[in-house]
Amino acid sequence: MSPVVNYKMSELKNDRFLRALLKEPVDMTPVWMMRQAGRYLPEYKATRAKAGDFMTLCKTPELATEVTIQPLDRFPLDAAILFSDILTVPDAMGLGLYFAEGEGPRFERPIRSKADIENLINPQMDEELGYVMAAVSMIRRELDGRVPLIGFTGSPWTLATYMVEGSSSKEYAKVKGMLYDQPQLMHMLLDKLADTIIDYLNAQIEHGAQAVMIFDTWGGVLTTRDYNEFSLRYMQKIMDGLNRESEGRKVPVIMFSKGGCQWLEAQADAGADALGLDWTLDIGAARARVGDKVALQGNMDPCVLYASPERIREEVATILESYGKGSGHVFNLGHGIHQFVDPEHAKAFIEAVHELSPAYHK
């Protein structure tokens, strides 16, 4: 296990991201990008090659710190996000995560029965997941107050999807088969995951994360009834179990259900400070639906970044105008940045947000 590195307490020089999540006044709309540390950056590719494989990159705190900070050295972003993977949790629970070349993540021991669920390890945060906590501490120290650090997790439903399927899926046959035919087993698994995730996020906060995000990547594949019962219910349990204050200030929580914009009102009542939006809903319409209950994060289509810088700027202007005046908006993409995007186009996007948004905060 990598030793935990204590971060040095330092004053936060740029807190507009945290302030926007709490709907407090800001001078401009903050911006960051999901997957901002990743394969579209040549410096990331170089570090990834040095690591040798993806899991070594995740499990080496020095390398995870390096790639977390790379986009901040290139772009004027308003937040850093821990470089890790949502599947570190099921890996720590004993499923044997590995990455098959060209096929994405796979588990050696997928969940198939009640016994499989009962045999899951209850991971200790500074042991099985100690490398994540060491990275969080090290990143905080290296950031030295530049911007806030976001910690994150996958939602219980999303993690369960990978754990039951054993890999990525297009049909969700195994996990939905369990949901419909053996709902008690699914609840058993989701409950165990929610408890582990509460410990995981609280440990990230203890080690220096200043905001946390729950990625419900596969929530949108469920029916309304099943979303409420098997996804939202367990995210709400996590909200109820989190330490929401650290270092003398509130720790905001962002919840993002990809493909879940039809359930915004229910999400707004679940206890998060902010909701992530994909690109399928106008952000002004979303704001009208949730009112002052939560802040909103999003929501430009990542494919806009394949367009010219001039067109990117137009899209940024359209989204800012749709959201309107006042705080409570964190600009982001509607999902992660694609690996083949030109970094100069990402720069044009970020600069456009900073140049055009102050007019909405006067």
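The values are calculated or read from the model by the stated rules, or taken from the named source; none is laboratory data. Note that the structure is predicted; figures quoted are calculated from it, not measured. Backbone-built Cβ (ideal geometry, glycine too); neighbour counts: all protein chains shown.
Points worth noting:
- Hey, Ala49 over 25 Å from Asp126 (Cα atoms), in a helix (DSSP H, G or I) and at pLDDT 95 or above or not: yes
- Residue in the range 324-334 that is surrounded by fewer than 22 Cβ atoms within 10 Å (Cβ to Cβ) and either among the acidic types (Asp, Glu) or under 17 Å from the mean Cα position of the chain (by Cα) (or both) present: no
- The number of residues in the range 25-43 that are outside any loop (DSSP other than H, G, I, E, B), of a type outside the set (Val, Ile, Thr) and crowded, with 21+ Cβ neighbours inside 10 Å comes to 0.
- Of the criteria (1) more than 25 Å from Leu201 (Cβ to Cβ); (2) part of a helix (DSSP H, G or I), which one Leu63 fails: (1)
- Annotation note: Cβ proximity below 8 Å between a residue of the range 326-340 that is farther than 19 Å from Lys293 by Cα and a residue that is in a loop (DSSP other than H, G, I, E, B) and among the aromatic types (Phe, Trp, Tyr) (sequence gap 6+ or interchain) occurs for Asn332/Trp32; Leu333/Trp279; Gly334/Trp279; His335/Trp279; Ile337/Tyr40; His338/Tyr40; Gln339/Tyr40; Phe340/Tyr40.
- Test: Ile312 is within 23 Å of the chain's Cα centre (by Cα) and either among the β-branched types (Val, Ile, Thr) or in a helix (DSSP H, G or I) (or both): no
- Within the range 252-303, if we keep just the residues that are of a type in the set (Val, Ile, Thr) and in contact (Cβ under 8 Å) with a residue 40 or more places away in the chain, the residue that is surrounded by the fewest Cβ atoms within 10 Å (Cβ to Cβ) turns out to be Thr280.
- Listed by first and then second residue, the pairs linking a residue in the range 118-130 that is touching a residue at least 40 places away in the same chain (Cβ under 8 Å) to a residue that is small (Gly, Ala, Ser) and part of a loop (DSSP other than H, G, I, E, B), with Cβ atoms under 7 Å apart and 6 or more places separating them unless they lie on different chains, are Gly130/Ser2.
- Residue in the range 129-143 that is of a type in the set (Val, Ile, Thr) and either at pLDDT below 95 or over 26 Å from Thr56 (Cβ atoms) (or both) present: no
- Residue match in the range 270-290 (condition: farther than 18 Å from Gly336 by Cβ, of a type in the set (D, E, K, R) and touching a Phe, Trp or Tyr at 6+ places or on another chain (Cβ under 7 Å)): yes
- Residue among Met138, Met235, Met186, Met163 that is in contact (Cβ under 8 Å) with a residue 40 or more places away in the chain, crowded, with 17+ Cβ neighbours inside 10 Å and under 30 Å from Lys13 (Cα atoms): Met138
- Any helices (runs of 4 or more DSSP H) falling wholly within the range 100-175 and containing at least 1 residues that are more than 30 Å from Val251 (Cβ to Cβ): 114-118, 156-165
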